[in-house]
Structure formats: structure tokens, C-alpha cells
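The values are calculated or read from the model by the stated rules, or taken from the named source; none is laboratory data. All values derive from a computational prediction rather than experimental measurement. Don't worry about glycine lacking a Cβ; one is built from the backbone with ideal geometry, like all the others, and counts go over all protein chains shown.
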Amino acid sequence: MSEKRTKVIAVANQKGGVGKTTTVISLSACLAGMGQSVLVIDFDPQANATSGLGVPQKQDTSMYRALLGEGAIADLIQSTPIKGVDIIPSELDLAGSEVDIARMDDYLHRFSKLVAPLIAEARYDFVFVDCPPSLGILTMNALTAAHSMVVPMQCEYYALEGLTVISRLIQQLRDSGANPHIEIEGILMTMFDGRTNLSGEVVAEVRKHFGGRVYRTVIPRNVRISEAPSYGQPIITYDPHSSGAKAYRALAKEFLVIARKKAAFGELPSVAVSEEAPADETAPATDETAAEPATETPPASPLPPS
């Protein structure tokens, strides 16, 4: 087996309400269930990833002090109720770093310097950074440090406009030398509603423009996904048989297949894929929850490319 290497992935979108934090929580939990070790860094002062993984918010537990040069990132890591998933929590005070970091000469590289020892240690297979819904200092720090970026996009027509902004930003980071190797790991279409033509049209249009960078798995609009955070659980533990849970397990399998292919070509990281993962998660998802009409359960399997 190849030596373990850590890959840092920023999960970001300048628009809120697209399923960014839900994707961080659910994908991390699914990957852990497939034998991967995962660290979630909650970089959003709203701390939704922290509460969504069942970790209470406490003062001085976020990245805030470390970003100012006061402490090491390893001292902030906490375990979560999900085996295989650790977290660096967030808190409201982290919002203050947007102002404090901006005054520093190396303001774009504060986070990359902190995360470098973690990468060198190779303690985790993946580090997911849950970014705020903006393109401010915190998000830019995450993108400067990350190997790649996952972009959750709601199935609406504003998606293409937002993706154009993100693609331009990635290119600017590469061209400026701030992060010459960053790439879009994948674009994830979320909140797919099979009752409408709009969702299918938007997915087809995004695939037309971005091709293979769009994950084949689509995340359905699902009531259980919305409920899970209030119980401090990812969807796969809150309701493992829901269409949302099936979709995120399918995404985790697809994500690991792509990671394994990249590792074969010498890209970060080397990933051993557990064979214990169920083999049928890419089948159309059905939701047995009586509170949800059957028309609200779109397939978790791929839509045909345009």
C-alpha cells in the first residue's frame, strides 16, 4: 500500500444555503465509514459544522488565536461522536480574524503555514475546510492552503454565474502564485428536485460547461437532510435509509474513486479504498419516510451528461 498522504480540500461557495456545511459533515462521515481518517476544520464563525457533528461551541477552541500566531493547530483538534472524524471547532470570535489578519503582511498565508505541519505528519487522509459563505479573508486563506476545492451548487440558474466567479478566482490564485497548484476537485449539485424540469436543466447546463469536474452523484432535496443538523448528527446516522444518506454514500464512493485515480498518476494523496463500502449506493435512492411524498425523492444516481 502506498504511504498515506494528507489532502486539504476547501469546501466553499460565496453563496449561502447551498448545502456546503451539510456536504462537509455528511461526506466526512461517509468517508470515515469507508476507512478514511478525516479532519474537519470549521472555518465559518457560524459554527454550523461544529454543532452539526455534535460538538458544543466553547470559547478559545477555534482557529482564531492560532491564525494570529498564538498556538499550534494540533492543540485545537478534538474528537467527534463519529469514529474516524476529528474537528477543529469554530466560534463566533473567529469572525474577528477577518479584520485582524488583514493587517498582517502575510495575511493570505496564515492558514497555510499552520496546516503545513499537519500535512507533513500525514495523520489524516483528508482535511475538509468548511469555509464561510463569502470570499473574504478566511475563505481566501483556506483556498491558498488547499490542494483543491469542492464546490456545492444548488440546482438553480444562478449556479452558473457563481461558478464563473469561482473559476476566475481559482485561476487568479494560480496565476498570482498564491497557490499555483489549486484545482477544482469537483462540483456537487445539491437540492435536486425531481418534480421540476428546472433542476434537470441546470444540472445539464453545468455539465455542459464544466464536464467531468461535475460529480455524477446529485444530492436530492430531502427533509431528513434538513432535520439532521438540529440533532447534531450527519444524515447517515440520523436516517441512514433516507434518499439523502444514500446520495452522500454514493458521493463518498465516487469521491474516493477519483482520489484513487489521481493517486495513480502521482497526485496527492495516496488513498486506500476500503472494500467494505456497499456496492449498490449509486442505484436510484428511495425515501421510505412517510412525511415526504414520493415525488420529492430524486435519484442519487447520475443524471445523463448533456
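Tabulated data for the structure shown
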{"read-out": "Residue list for region 64-96, filter: in contact (Cβ under 8 Å) with a residue 60 or more places away in the chain and part of a helix (DSSP H, G or I)", "value": "L67"}
{"read-out": "Sole exception among (1) surrounded by fewer than 16 Cβ atoms within 10 Å (Cβ to Cβ); (2) in a loop (DSSP other than H, G, I, E, B); (3) at pLDDT 50 or above; (4) not aliphatic (A, V, I, L, M) for S230, by number", "value": "(2)"}
{"read-out": "Odd one out for V99 among (1) outside any loop (DSSP other than H, G, I, E, B); (2) in contact with a helix residue (DSSP H, G or I) (Cβ under 6 Å, 6 or more places away or on another chain); (3) of a type in the set (V, I, T)", "value": "(2)"}
{"read-out": "Any hit, region 161-171, residues being within 20 Å of R103 (Cβ to Cβ) and part of a helix (DSSP H, G or I)", "value": "no"}
{"read-out": "Breaking point among (1) part of a helix (DSSP H, G or I); (2) free of Cβ contacts under 8 Å to residues at least 40 places away in the same chain, for A32", "value": "(2)"}
{"read-out": "Given (1) surrounded by fewer than 18 Cβ atoms within 10 Å (Cβ to Cβ); (2) farther than 23 Å from R103 by Cα; (3) basic (K, R), index of the condition R65 fails", "value": "(2)"}
{"read-out": "Failed criterion for D44 (all others in (1) closer than 12 Å to D93 by Cα; (2) surrounded by fewer than 18 Cβ atoms within 10 Å (Cβ to Cβ) hold)", "value": "(2)"}
{"read-out": "Region 187-218, residues that are under 21 Å from A10 (Cβ atoms) and either part of a loop (DSSP other than H, G, I, E, B) or of a type in the set (F, W, Y) (or both)", "value": "M191, F210, Y215, T217"}
{"read-out": "Qualifying positions in region 121-153 - in a loop (DSSP other than H, G, I, E, B), closer than 20 Å to A72 by Cβ and either of a type in the set (A, V, I, L, M) or without any contact (Cβ under 8 Å) to a residue 12 or more places away in the chain (or both)", "value": "A122, A146"}
{"read-out": "In region 79-109, residue modelled with the lowest pLDDT [restricted to those that are farther than 22 Å from S26 by Cβ and buried (at least 21 other Cβ atoms within 10 Å of the Cβ)]", "value": "S97"}
{"read-out": "Residues satisfying the stated conditions in region 35-63, i.e. out of contact with any strand residue (DSSP E or B) (no Cβ under 7 Å at 6 or more places or on another chain) and assigned to a helix (DSSP H, G or I)", "value": "N48, S51, G52"}
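This table checks each residue for (1) surrounded by fewer than 20 Cβ atoms within 10 Å (Cβ to Cβ); (2) closer than 24 Å to T144 by Cβ; (3) in contact with a Lys or Arg (Cβ under 7 Å, 6 or more places away or on another chain); (4) modelled with pLDDT under 90.
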| site | (1), (2), (3), (4) |
| --- | --- |
| G162 | yes, yes, yes, yes |
| R174 | yes, yes, no, no |
| G177 | yes, yes, no, no |
| P180 | yes, yes, yes, no |
| E185 | no, yes, no, no |
| F192 | no, no, yes, no |
| S199 | no, no, no, no |
| P234 | no, no, no, no |
